[in-house]
1. So, in region 200-232, exactly how many residues are more than 17 Å from T253 (Cα to Cα) and either free of Cβ contacts under 8 Å to residues at least 40 places away in the same chain or part of a helix (DSSP H, G or I) (or both)?
2. Keeping to region 154-185, report how many residues are surrounded by fewer than 19 Cβ atoms within 10 Å (Cβ to Cβ) and within 16 Å of ligand 2 (Cβ to nearest atom).
3. List the residue pairs whose Cβ atoms are under 8 Å apart, where the first residue sits in region 440-468 and is in contact (Cβ under 8 Å) with a residue 60 or more places away in the chain and acidic (D, E), the second is surrounded by 14 or more Cβ atoms within 10 Å (Cβ to Cβ) and in a helix (DSSP H, G or I), and the two are 6 or more positions apart or on different chains.
4. Can you pull out every residue in region 14-31 that is within 12 Å of ligand 1 (Cβ to nearest atom), among the hydrophobic types (A, V, I, L, M, F, W, C) and assigned to a loop (DSSP other than H, G, I, E, B)?
5. When you scan region 328-350, do you find a residue that is in contact with a strand residue (DSSP E or B) (Cβ under 9 Å, 6 or more places away or on another chain), under 30 Å from V119 (Cα atoms) and crowded, with 22+ Cβ neighbours inside 10 Å, even just one?
6. Are any of the residues in region 140-163 in a strand (DSSP E or B), in contact (Cβ under 8 Å) with a residue 40 or more places away in the chain and either within 10 Å of ligand 1 (Cβ to nearest atom) or on the phi < 0 side of the Ramachandran plot (or both)?
7. When you scan region 185-196, how many residues do you find that are in contact with a Lys or Arg (Cβ under 9 Å, 6 or more places away or on another chain), in a loop (DSSP other than H, G, I, E, B) and on the phi < 0 side of the Ramachandran plot?
Amino acid sequence: MADIVLVNPRFEVSYWGLEHALPLLGKKCNLPTACLPLLAALTPEHHRLTIVDENVEPIDYDRLARADIVGLTGMIVQRHRMREILRELRARGVFTVVGGPWVSVQEDYFEGLTDVIFVGEAETTWPQFLDDWAHGRYQHRYEQLERTDMTSVPVPRYDLLKTRNYLFGSIQFSRGCPFQCEFCDIIVTFGRKPRLKTSGQVIAELEAMRKQHLPMAFIVDDNLIGNKVAVKPLLRDVAAWQAAEGYPFTFFTEASLNLAEDDELMELMIAANIMVVFIGIETPNEASLRETKKYQNVRKGGTLVDRVRKVQDSGLEVWCGMIVGFDHDDTAIFTAQHEFMRQTDIMHAMVGMLSAIPKTPLHARLKSEGRLDLDDEQVFGTNVIPLNMSREELRDGYIGLMQDLYDTEFYFDRLENLFLTRRFDPARVRNDYWRQHPWQKWRSQSLDALRALGLFLRLMNNVPDPELRRIYRRRMTRMIRRRPDPNLLLICVLKCALHYHHYTMSRAMVEQRMLVNTF
Ligand code: B12
Ligand code: SF4
């Protein structure tokens, strides 16, 4: 029997981290990293397993020092913190292993600091390692030869998480994506053939997550619609389960823009109660889309703007990922990005500077062209040396764009265009359900109204800037007057909290000329 502790290191402040909004929402972290409860489920029962997420609780090094094995996960933005933790553990003589997205692409990064590394997926290598370890013959590097058969993945041990600290739960339906974007390491690590779980597995995971009282969940797939044909029956089954259970979950997910070409798929996503879809749009500059081989976004069946609006009109809110600094971008790109957000009314855009992740085709190309900054501390926020602008122009244009997108008036104008002018309806499926279940409707609406009120009071008590508070009140009043629906009111108050996060983050970037978590 081994005493095993799995650790998720602290994140720095980031767009996705929601650090400025979380205290308003009474939470400590956006969502639990999906790999740790999964690795726990893959661990034979005779071992003792503990999960420590530094984003919700401090690391107790004395406790870790007593463990037989400490496992660390982490992505690129956690790499410095991972090193600090590993140094601390090495000084105490702890046996450590490291896996996850960063070490999978930069295998030598923790050289001399850890005993074992895991490259890529670990559904077979993790149990194999535990067996090797028990027999005193473990290897220093494990890499799965075959990709994981997703139909054999067990239900994650959600019960080991301190779930009350998280805003969302995390659940995975599939892995892999069929596309070939030049900058993407997902397809390097997980492949281009999407692999899905069965409906039975997914529903068993939903049942398990429901016991942990997490009503909102992020479907953490690389691209939920990577295999459109295979995902449809799965969504149909999830939709049927949701309807039978009274819609216990609201989902957020990630998908590619070719979603807009499939009405049936959008309908099924809505029926499953997916409310938000994050789409990697990257850029309105078509030459840059071609450069980066993001052909699925290049004009077909309508412009980018038309396609985004089509997804929104179906009832799915679109959040997006955008990139500046492609070889075909010059300083005009910042205005073009602004204009794109205005035309689509997308409120939540995660903008980053093009970065080259090791093992990707982009990394190889830029290295051969001598355009990679190899320093681990990225003073310009990216390791890519741009072609058609200086590094300063890229950094300053990027910071300016962030500030611009989260300018209070521009942000709320997008909200009002979407919800008041275009009458965006995020609750179509529940409205249909409520017509047959009036008692549930009354209950849900009362709860939404109470939640909205509680959050509103927190905003008014905790946002220090009186001008910001005044704008929030004004915009909420307009919303109530024109669409007096408790669910929309709750969404509006949540949008204020999210605005507060993005606005605070972008202001900090401007003031300190500091780049938050792009590379
Ligand atoms: C869902 C997701 C998110 C979610 C949730 C993130 C979270 N906190 O968990 C959100 C949307 C919030 C997010 C945010 C970000 N993300 Co993200 N995200 C993903 C995505 C699509 C899926 C991750 C996931 O849950 N997978 C499911 C689990 C089960 O898979 P896994 O973690 O890989 O674990 C398996 C193996 O790696 C291994 N393993 C993992 N850890 C360990 C540890 C040990 C000890 C062992 C033995 C094995 C092992 O075993 C697991 C089972 O096979 C990945 C893409 C991908 N496929 O990796 C990107 C990805 C991880 N994200 C990435 C990035 C850059 C970010 C951001 C930094 C973006 C930004 N600039 O702000 C932010 C981080 C901010 C934050 N505070 O969270 C990059 C990381 C690049 C890298 N190679 O390090 C990825 C790879 C996508 C990409 N290329 O852009 N992300
Ligand atoms: S669509 Fe997304 S996941 Fe698929 S290859 Fe492109 S960036 Fe990667």
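1. Total satisfying the criteria: 7.
2. The qualifying residues number 3.
3. none
4. Those that are within 12 Å of ligand 1 (Cβ to nearest atom), among the hydrophobic types (A, V, I, L, M, F, W, C) and assigned to a loop (DSSP other than H, G, I, E, B): W16, L18, L31.
5. Taking every residue of region 328-350 in turn, none turns out to be in contact with a strand residue (DSSP E or B) (Cβ under 9 Å, 6 or more places away or on another chain), under 30 Å from V119 (Cα atoms) and crowded, with 22+ Cβ neighbours inside 10 Å.
6. No - not one qualifying residue is present in region 140-163.
7. Residues meeting the conditions: 3.
Residue-wise test of (1) among the acidic types (D, E); (2) over 23 Å from the mean Cα position of the chain (by Cα); (3) in a helix (DSSP H, G or I).
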{"position": "M266", "(1), (2), (3)": "no, no, yes"}
{"position": "M269", "(1), (2), (3)": "no, no, yes"}
{"position": "G280", "(1), (2), (3)": "no, no, no"}
{"position": "A287", "(1), (2), (3)": "no, yes, yes"}
{"position": "G302", "(1), (2), (3)": "no, yes, no"}
{"position": "R307", "(1), (2), (3)": "no, no, yes"}
{"position": "K310", "(1), (2), (3)": "no, no, yes"}
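The values are calculated or read from the model by the stated rules, or taken from the named source; none is laboratory data. No experiment lies behind these values; they were computed from the predicted model shown. Cβ: placed from backbone, ideal geometry, glycine included. Neighbour counts: every protein chain shown.
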